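**Q** Here's a structure for you.
The values are calculated or read from the model by the stated rules, or taken from the named source; none is laboratory data. Values in this document were obtained by computation on a predicted structure and should not be read as measured data. Neighbour counts run over all protein chains shown; Cβ positions are idealised from the backbone, glycine included. Accessible surface is based on the protein model in full, side chains and every heavy atom, while ligands, DNA and RNA are left aside. Shrake-Rupley method; radii C 1.70, N 1.55, O 1.52, S 1.80 Å.
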Amino acid sequence: MIVFLEHYWPWLALAAVLGFFCLVPLVLGAHRAALAGFAAVVVVAGLGIMVERLVVTERELIYELLDQSAAAVVAHDVPRVLGVIVPENVALRQAVEREMGRVQIVEVRITERDITVNKQVNPPTATGKIEIVAIFDDTRQAGATFDRALVKFNVTFVKPKDRWLVSSAKWAER
């Protein structure tokens, strides 16, 4: 159940359910048993949240890559953006360089991330559907009729060594 390793809220929900069951001994007059039950729930939930924070899944590493890439785009740091794309995909690298030279993006919001990791192959791969809202510097866009765009991509990632890289990105059908 990977959801327990990627989010803290399942631990809180589990604690709430188990805490509710600890009310039964309290109602029946077994105050010590109820107190022991509540203490056990707090310890288990605390340990669970601590494990969730310490364990970093492959999907979380990809989310981190996306967040760092968005920050690099906003900073207009072309070398850093190109650093997350595999060197073999020359066409994507050229498209990124061309577009980053043409537009200035002042904000990127990643509104949807649906990533599926496949560790059964070597090197590991992942596919994802990503939706972003890009807000442009409208003073630089001469004659532009919009200042933002909603963009959807189908992205493929690969982990050739110790970090994830984008191996392909294509516009998604709406």
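**Q** With a 1.4 Å probe and every protein chain left in place, tell me how much accessible area Trp9 has, in Å² to the nearest 10.
**A** Trp9 has an accessible surface of roughly 140 Å² with all protein chains in place.
**Q** Any chance you could look up the accessible area of Ser167 with a 1.4 Å probe, heavy atoms only, rounded to 10 Å²?
**A** Taking all protein chains as shown, Ser167 has close to 30 Å².
**Q** Determine the order of Leu92, Leu23 by accessible area, beginning with the largest, at a probe radius of 1.4 Å.
**A** Details: Leu92 30, Leu23 70 Å².
Output order, biggest surface exposure first: Leu23, Leu92.
**Q** Name the lysines eligible as straight-distance cross-link partners of Lys161: C-alpha to C-alpha under 26 Å, and not fewer than 8 places from it in the same chain.
**A** The qualifying lysines are Lys119, Lys129, Lys170.
**Q** Then there's this: Pull up all non-local amide H partners of Arg148: gap of 5 or more, or a different chain, and H-to-H distance under 5 Å with H placed in the peptide plane.
**A** Those qualifying (amide H under 5 Å, at least 5 residues apart or on another chain) are Phe136.
**Q** Could I ask something else about it? For the chain, what's the relative contact order in percent, using C-alpha pairs closer than 8 Å and at least 6 residues apart?
**A** Result for the chain is 16 percent.
**Q** What's the FRET efficiency of Gln94 with Thr57 using the Cβ-Cβ distance as r and R₀ = 41 Å, to the nearest 0.05? Could the numbers behind the result be given before it?
**A** Values: r = 32 Å, r/R0 = 0.79.
Working from the Cβ atoms, E equals 0.80.
**Q** In the chain, what percentage of the DSSP-assigned beta bridges are antiparallel, given to the nearest 5?
**A** 95
**Q** Go through the range 85-140 and name the trypsin sites (Lys or Arg not before Pro) that are in a DSSP coil and have 15 or fewer other Cβ atoms within 10 Å of their Cβ.
**A** Filter output for the range 85-140: Lys119, Arg140.
**Q** Compute the Kirkwood hydrodynamic radius of the range 31-171, taking the inverse of the mean of 1/r over all pairs of distinct Cα atoms, and give it in Å to one decimal. Walk me through the numbers on the way to the answer.
**A** On the way: mean 1/r = 0.0570 Å⁻¹.
About 17.5 Å, per the Kirkwood formula over Cα pairs.
**Q** Give the residue list of GluC sites (Glu not before Pro) in the range 65-157 that are DSSP loop and have at most 16 other beta-carbon atoms within 10 angstrom.
**A** Hits after loop and neighbour filter: Glu88.
**Q** Moving to a separate point now. Residue by residue through the range 111-126, which ³J(HN,Hα) values in whole Hz follow from phi under the Karplus form 6.51 cos²θ - 1.76 cosθ + 1.60 (θ = phi - 60°), with glycine and proline marked x?
**A** 9, 8, 9, 10, 10, 10, 9, 10, 8, 7, 10, 10, x, x, 10, 8
**Q** Something else now. From the protein chains alone at 1.4 Å, what is the descending order of accessible area for Tyr63, Tyr8, largest first?
**A** Result, largest first: Tyr8, Tyr63.
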